[in-house]
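The values are calculated or read from the model by the stated rules, or taken from the named source; none is laboratory data. All values derive from a computational prediction rather than experimental measurement. Methodologically, a virtual Cβ is constructed for each residue, glycine included, from the backbone with ideal geometry; neighbour enumeration extends over all protein chains shown. Ligands, DNA and RNA are excluded from the accessible area calculation, which covers all protein heavy atoms including side chains. Shrake-Rupley method; radii C 1.70, N 1.55, O 1.52, S 1.80 Å.
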Amino acid sequence: MISSIQNPLIKQFRKLHKSKERHRQRCFLIEGTHLIEEAIATDWPLDAVCCTESWHERNLHLWSVLQTNILRCEWVTDDVMAAIATTVNPDGVMAIAHRRAIEFSARPDPCSTLQLGIALETIQDPGNVGTIIRSAMAGGADGLWVSADSVDLDHPKVLRASAGQWFRLPMMTSSALEEDLKRAQDAGIQIVATSANSPLAYWNIDLTIPTIIVAGNEGAGLSESIVALSDKQVCIPISPDVESLNVAIAVSLLIFEANRQRNVKEFSANEVK
(Lines give C-alpha, C1' and ligand atoms only; values in the text may rest on other atoms or scores of the structure.)
Protein backbone atom coordinates (compact mmCIF):
# COMPACT_ATOMS: atom_id res chain seq x y z
CA MET A 1 0.00 0.00 0.00
CA ILE A 2 1.55 3.31 -1.10
CA SER A 3 0.72 6.07 1.36
CA SER A 4 3.16 8.84 0.44
CA ILE A 5 3.01 11.26 -2.48
CA GLN A 6 6.83 11.25 -2.39
CA ASN A 7 6.86 7.70 -3.76
CA PRO A 8 8.63 7.73 -7.19
CA LEU A 9 5.69 6.12 -8.98
CA ILE A 10 3.26 8.62 -7.47
CA LYS A 11 5.56 11.46 -8.52
CA GLN A 12 5.47 10.12 -12.06
CA PHE A 13 1.66 10.04 -12.05
CA ARG A 14 1.56 13.65 -10.87
CA LYS A 15 4.08 14.83 -13.45
CA LEU A 16 1.94 13.37 -16.24
CA HIS A 17 -0.75 15.92 -15.49
CA LYS A 18 1.38 18.29 -17.57
CA SER A 19 1.54 18.23 -21.36
CA LYS A 20 5.32 18.75 -21.34
CA GLU A 21 5.87 15.62 -19.25
CA ARG A 22 3.49 13.52 -21.34
CA HIS A 23 5.49 14.44 -24.43
CA ARG A 24 8.84 13.92 -22.72
CA GLN A 25 7.97 10.54 -21.20
CA ARG A 26 5.82 9.43 -24.14
CA CYS A 27 3.22 8.34 -21.62
CA PHE A 28 -0.23 9.54 -20.59
CA LEU A 29 -2.80 8.93 -17.87
CA ILE A 30 -5.94 6.79 -17.96
CA GLU A 31 -8.40 7.44 -15.17
CA GLY A 32 -11.54 5.58 -14.22
CA THR A 33 -12.90 2.06 -14.48
CA HIS A 34 -14.54 2.43 -17.89
CA LEU A 35 -11.42 3.79 -19.61
CA ILE A 36 -9.27 1.11 -17.97
CA GLU A 37 -11.68 -1.55 -19.27
CA GLU A 38 -11.54 -0.08 -22.78
CA ALA A 39 -7.74 0.01 -22.71
CA ILE A 40 -7.65 -3.67 -21.73
CA ALA A 41 -10.27 -4.58 -24.34
CA THR A 42 -8.19 -2.97 -27.09
CA ASP A 43 -4.84 -4.35 -25.84
CA TRP A 44 -3.48 -0.86 -25.21
CA PRO A 45 -0.06 -1.11 -23.48
CA LEU A 46 -0.21 -0.06 -19.82
CA ASP A 47 2.94 0.51 -17.78
CA ALA A 48 1.51 0.76 -14.25
CA VAL A 49 -1.83 0.91 -12.43
CA CYS A 50 -2.84 2.16 -8.98
CA CYS A 51 -6.11 1.58 -7.17
CA THR A 52 -7.63 2.15 -3.77
CA GLU A 53 -8.60 -0.71 -1.48
CA SER A 54 -12.31 0.05 -1.86
CA TRP A 55 -12.04 0.04 -5.66
CA HIS A 56 -10.24 -3.31 -5.49
CA GLU A 57 -13.05 -4.81 -3.43
CA ARG A 58 -15.61 -3.74 -6.05
CA ASN A 59 -13.55 -4.89 -9.06
CA LEU A 60 -11.83 -8.15 -8.12
CA HIS A 61 -12.05 -9.66 -11.62
CA LEU A 62 -10.73 -6.55 -13.39
CA TRP A 63 -7.87 -6.27 -10.88
CA SER A 64 -6.95 -9.87 -11.61
CA VAL A 65 -6.89 -9.10 -15.34
CA LEU A 66 -4.73 -6.04 -14.74
CA GLN A 67 -2.26 -8.04 -12.64
CA THR A 68 -1.98 -10.58 -15.44
CA ASN A 69 -1.23 -7.94 -18.07
CA ILE A 70 0.70 -5.20 -16.28
CA LEU A 71 4.09 -5.44 -14.65
CA ARG A 72 3.35 -3.01 -11.80
CA CYS A 73 0.02 -2.94 -9.93
CA GLU A 74 -0.16 -1.04 -6.64
CA TRP A 75 -2.70 -0.24 -3.96
CA VAL A 76 -2.72 3.38 -2.78
CA THR A 77 -4.50 5.25 0.01
CA ASP A 78 -7.51 7.45 -0.76
CA ASP A 79 -5.37 10.55 -0.14
CA VAL A 80 -2.75 9.42 -2.63
CA MET A 81 -5.44 8.64 -5.21
CA ALA A 82 -6.84 12.14 -4.74
CA ALA A 83 -3.35 13.56 -5.30
CA ILE A 84 -2.77 11.74 -8.61
CA ALA A 85 -6.31 12.00 -9.99
CA THR A 86 -7.30 14.52 -12.66
CA THR A 87 -10.94 14.59 -11.50
CA VAL A 88 -12.49 15.99 -8.32
CA ASN A 89 -14.16 12.70 -7.35
CA PRO A 90 -11.98 9.84 -8.68
CA ASP A 91 -13.55 6.39 -8.74
CA GLY A 92 -10.37 4.78 -7.42
CA VAL A 93 -8.21 3.56 -10.30
CA MET A 94 -5.59 5.14 -12.57
CA ALA A 95 -3.01 3.84 -15.02
CA ILE A 96 0.01 5.07 -16.91
CA ALA A 97 -0.23 4.15 -20.58
CA HIS A 98 2.51 4.15 -23.17
CA ARG A 99 2.09 5.87 -26.51
CA ARG A 100 2.26 3.39 -29.34
CA ALA A 101 2.84 3.69 -33.07
CA ILE A 102 0.52 5.94 -35.09
CA GLU A 103 -2.09 3.87 -36.92
CA PHE A 104 -3.55 6.53 -39.20
CA SER A 105 -1.30 7.55 -42.10
CA ALA A 106 -1.13 11.29 -42.64
CA ARG A 107 -0.23 10.78 -46.26
CA PRO A 108 -2.83 8.68 -48.07
CA ASP A 109 -1.88 7.52 -51.56
CA PRO A 110 -4.24 7.05 -54.54
CA CYS A 111 -5.01 3.52 -53.32
CA SER A 112 -5.95 4.71 -49.84
CA THR A 113 -8.90 2.95 -48.25
CA LEU A 114 -9.99 6.09 -46.39
CA GLN A 115 -13.69 6.79 -46.91
CA LEU A 116 -14.44 9.32 -44.18
CA GLY A 117 -11.88 11.27 -42.18
CA ILE A 118 -12.02 14.22 -39.78
CA ALA A 119 -9.42 16.99 -39.57
CA LEU A 120 -9.38 19.62 -36.80
CA GLU A 121 -7.41 22.87 -36.91
CA THR A 122 -6.47 24.68 -33.67
CA ILE A 123 -9.19 23.10 -31.53
CA GLN A 124 -8.50 24.07 -27.92
CA ASP A 125 -11.29 22.50 -25.86
CA PRO A 126 -10.47 18.89 -24.90
CA GLY A 127 -14.17 18.18 -24.36
CA ASN A 128 -14.86 19.08 -27.99
CA VAL A 129 -12.12 16.80 -29.29
CA GLY A 130 -13.30 13.91 -27.12
CA THR A 131 -16.90 14.36 -28.26
CA ILE A 132 -15.80 14.41 -31.91
CA ILE A 133 -13.86 11.17 -31.37
CA ARG A 134 -16.98 9.57 -29.91
CA SER A 135 -19.13 10.77 -32.83
CA ALA A 136 -16.50 9.71 -35.37
CA MET A 137 -16.56 6.15 -34.07
CA ALA A 138 -20.35 6.07 -33.83
CA GLY A 139 -20.71 7.43 -37.36
CA GLY A 140 -18.20 5.10 -38.98
CA ALA A 141 -15.33 7.51 -39.64
CA ASP A 142 -11.92 6.01 -40.45
CA GLY A 143 -9.71 8.37 -38.48
CA LEU A 144 -8.90 11.80 -37.12
CA TRP A 145 -6.12 14.35 -37.70
CA VAL A 146 -5.55 17.34 -35.44
CA SER A 147 -3.17 20.22 -36.06
CA ALA A 148 -0.11 20.50 -33.83
CA ASP A 149 -1.51 23.67 -32.21
CA SER A 150 -4.64 21.87 -31.03
CA VAL A 151 -5.12 20.40 -27.57
CA ASP A 152 -3.13 17.21 -26.92
CA LEU A 153 -4.93 14.09 -28.08
CA ASP A 154 -3.91 12.39 -24.82
CA HIS A 155 -5.24 15.16 -22.58
CA PRO A 156 -7.18 13.42 -19.76
CA LYS A 157 -10.38 15.33 -20.60
CA VAL A 158 -10.15 14.21 -24.25
CA LEU A 159 -10.10 10.57 -23.13
CA ARG A 160 -13.02 11.04 -20.74
CA ALA A 161 -15.17 12.92 -23.26
CA SER A 162 -14.58 10.16 -25.83
CA ALA A 163 -16.35 7.67 -23.52
CA GLY A 164 -13.69 5.08 -24.24
CA GLN A 165 -13.79 5.38 -28.03
CA TRP A 166 -10.38 7.07 -27.93
CA PHE A 167 -8.75 3.63 -27.94
CA ARG A 168 -10.58 2.54 -31.10
CA LEU A 169 -10.27 5.48 -33.49
CA PRO A 170 -7.00 5.84 -35.46
CA MET A 171 -5.69 9.35 -34.72
CA MET A 172 -2.61 11.47 -35.18
CA THR A 173 -1.30 14.98 -34.65
CA SER A 174 -0.25 16.58 -37.92
CA SER A 175 2.70 18.96 -37.89
CA ALA A 176 1.62 20.31 -41.30
CA LEU A 177 -2.15 19.89 -41.58
CA GLU A 178 -2.54 21.91 -44.76
CA GLU A 179 0.12 19.86 -46.55
CA ASP A 180 -1.43 16.60 -45.37
CA LEU A 181 -4.85 17.71 -46.61
CA LYS A 182 -3.35 18.63 -49.98
CA ARG A 183 -1.79 15.18 -50.26
CA ALA A 184 -5.14 13.60 -49.45
CA GLN A 185 -6.78 15.81 -52.05
CA ASP A 186 -4.20 14.80 -54.65
CA ALA A 187 -5.08 11.19 -53.83
CA GLY A 188 -8.68 11.84 -54.85
CA ILE A 189 -10.19 12.56 -51.43
CA GLN A 190 -12.76 15.37 -51.23
CA ILE A 191 -11.96 18.10 -48.66
CA VAL A 192 -15.10 19.61 -47.11
CA ALA A 193 -14.65 22.70 -44.92
CA THR A 194 -17.21 24.00 -42.45
CA SER A 195 -17.94 27.71 -42.97
CA ALA A 196 -20.74 29.81 -41.52
CA ASN A 197 -20.49 32.10 -44.57
CA SER A 198 -21.13 29.41 -47.18
CA PRO A 199 -24.55 29.43 -48.91
CA LEU A 200 -24.32 25.64 -49.40
CA ALA A 201 -26.06 23.51 -46.77
CA TYR A 202 -24.15 20.42 -45.68
CA TRP A 203 -26.92 18.04 -46.76
CA ASN A 204 -26.68 19.28 -50.37
CA ILE A 205 -23.27 17.79 -51.14
CA ASP A 206 -22.26 14.23 -51.94
CA LEU A 207 -20.68 12.70 -48.85
CA THR A 208 -20.72 9.14 -50.21
CA ILE A 209 -17.37 9.67 -51.96
CA PRO A 210 -14.07 9.59 -49.99
CA THR A 211 -14.20 12.74 -47.85
CA ILE A 212 -12.32 14.55 -45.11
CA ILE A 213 -14.46 16.93 -43.03
CA VAL A 214 -12.42 19.88 -41.76
CA ALA A 215 -13.40 22.14 -38.85
CA GLY A 216 -11.57 24.96 -37.13
CA ASN A 217 -11.04 26.81 -33.89
CA GLU A 218 -13.99 27.33 -31.58
CA GLY A 219 -13.82 31.12 -31.94
CA ALA A 220 -11.94 31.89 -35.14
CA GLY A 221 -12.99 28.99 -37.33
CA LEU A 222 -10.77 27.65 -40.11
CA SER A 223 -7.77 29.48 -41.51
CA GLU A 224 -8.29 31.17 -44.87
CA SER A 225 -5.68 28.94 -46.51
CA ILE A 226 -7.46 25.71 -45.57
CA VAL A 227 -10.83 27.12 -46.63
CA ALA A 228 -9.27 28.07 -49.98
CA LEU A 229 -7.76 24.59 -50.33
CA SER A 230 -11.07 22.79 -49.73
CA ASP A 231 -13.20 21.43 -52.56
CA LYS A 232 -16.47 22.42 -50.87
CA GLN A 233 -17.42 24.81 -48.09
CA VAL A 234 -20.66 24.04 -46.27
CA CYS A 235 -22.77 25.66 -43.61
CA ILE A 236 -25.26 24.30 -41.10
CA PRO A 237 -28.43 26.40 -41.38
CA ILE A 238 -29.49 27.59 -37.91
CA SER A 239 -32.01 29.98 -36.40
CA PRO A 240 -31.04 33.66 -36.86
CA ASP A 241 -31.36 34.09 -33.09
CA VAL A 242 -28.41 31.72 -32.56
CA GLU A 243 -24.92 32.96 -33.33
CA SER A 244 -23.20 29.62 -33.91
CA LEU A 245 -23.04 25.93 -33.07
CA ASN A 246 -20.52 24.19 -30.87
CA VAL A 247 -17.80 22.73 -33.11
CA ALA A 248 -18.32 19.20 -31.77
CA ILE A 249 -22.03 19.36 -32.62
CA ALA A 250 -21.28 20.78 -36.06
CA VAL A 251 -18.78 18.05 -36.92
CA SER A 252 -21.10 15.38 -35.54
CA LEU A 253 -23.93 16.56 -37.81
CA LEU A 254 -21.69 16.20 -40.88
CA ILE A 255 -20.44 12.78 -39.77
CA PHE A 256 -23.98 11.46 -39.39
CA GLU A 257 -25.12 13.06 -42.66
CA ALA A 258 -22.30 11.18 -44.39
CA ASN A 259 -23.38 8.03 -42.58
CA ARG A 260 -27.03 8.59 -43.62
CA GLN A 261 -26.14 9.15 -47.26
CA ARG A 262 -23.98 6.05 -47.39
CA ASN A 263 -26.62 3.88 -45.74
CA VAL A 264 -29.30 5.18 -48.12
CA LYS A 265 -27.04 4.51 -51.10
CA GLU A 266 -26.27 1.00 -49.86
CA PHE A 267 -29.95 0.32 -49.15
CA SER A 268 -30.97 1.54 -52.63
CA ALA A 269 -28.33 -0.64 -54.27
CA ASN A 270 -29.58 -3.69 -52.36
CA GLU A 271 -33.16 -2.91 -53.39
CA VAL A 272 -32.12 -2.88 -57.07
CA LYS A 273 -30.53 -6.31 -56.67
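Enter the angle in degrees (range 0 to 90, nearest 10) between the Cα long axis of helix 126-138 and the first principal axis of the Cα atoms of the chain, meaning the one along which they spread out most.
That helix lies at roughly 70 degrees to the long axis.
How large is ³J(HN,Hα) for each residue in the range 213-229, as worked out from phi by the Karplus curve 6.51 cos²θ - 1.76 cosθ + 1.60 (θ = phi - 60°), to whole Hz, x for Gly and Pro?
3J(HN,Hα) across the range 213-229, in whole Hz: 8, 10, 10, x, 3, 3, x, 8, x, 7, 5, 4, 5, 6, 4, 5, 5.
Just by accessible area at a 1.4 angstrom probe, what is the order of W55, W75 from largest to smallest?
Details: W55 0, W75 85 Å².
Accessible-area ranking of W55, W75, largest first: W75, W55.
R0 = 41 Å: FRET efficiency of E21 with V264, Cβ-based, nearest 0.05? Don't skip to the answer; put the middle values down first.
Details: r = 47 Å, r/R0 = 1.16.
About 0.30, to the nearest 0.05.
Treating the beta-carbon of each Lys and Arg as +1 and of each Asp and Glu as -1, no other charges, what is the dipole magnitude of the range 114-273 about its Cα centre, to the nearest 20 debye?
Charge dipole, the range 114-273, about its Cα centre: 600 debye, nearest 20.
Per-residue ellipticity at 222 nm for the chain, helices alone: DSSP H runs ≥ 4 residues times -39500 (n - 2.57), over residue total, nearest 500 deg cm²/dmol?
The helix-only estimate for the chain comes to -11500 deg cm²/dmol at 222 nm.
Go ahead and collect, in residue order, the members of the range 218-260 whose backbone nitrogen is under 14 Å from a label point 7 Å along the Cα-Cβ direction of D206.
Answer for this model: 232.
Would you work out which of T77, V264, T87 lies farthest towards the positive end of the dipole of the chain? Charges go on Cβ: Lys and Arg +1, Asp and Glu -1.
T77
Accessible area, 1.4 Å probe, largest first: how do S64, S230 sort?
Numbers: S64 60, S230 10 Å².
So, going from the largest accessible area down, we get S64, S230.
Under 5 Å between amide H atoms, partner at least 5 residues away or on a different chain: which partners does G117 have, H built in plane at 1.01 Å?
Here D142, T211, I212, I213 satisfy the definition.
How far, in nm, would the chain grow between D78 and I249 when pulled straight, counting 0.36 nm per residue and subtracting the alpha carbon separation?
Computed gain between D78 and I249 is 57.9 nm.
Determine how large the accessible area of E53 is when every protein chain is in place; take a 1.4 Å probe and give Å² rounded to the nearest 10.
Its accessible surface works out to 80 Å², give or take rounding.
Excluding same-chain residues fewer than 8 positions from K157, which aspartates and glutamates have a Cα within less than 16 Å of its Cα?
E31, E38, D91, D125
Magnitude of the Cβ-charge dipole of the chain, K/R +1 and D/E -1, about the Cα centre, nearest 20 debye? Please report the intermediate quantities before stating the final value.
Details: 24 positive and 33 negative charges, 106 e Å.
For this selection, approximately 500 debye.
Under 5 Å between amide hydrogens, which residues at least 5 positions from V76 or on another chain qualify, with H placed 1.01 Å from N in the peptide plane?
Those qualifying (amide H under 5 Å, at least 5 residues apart or on another chain) are I2, C51, T52, E53.
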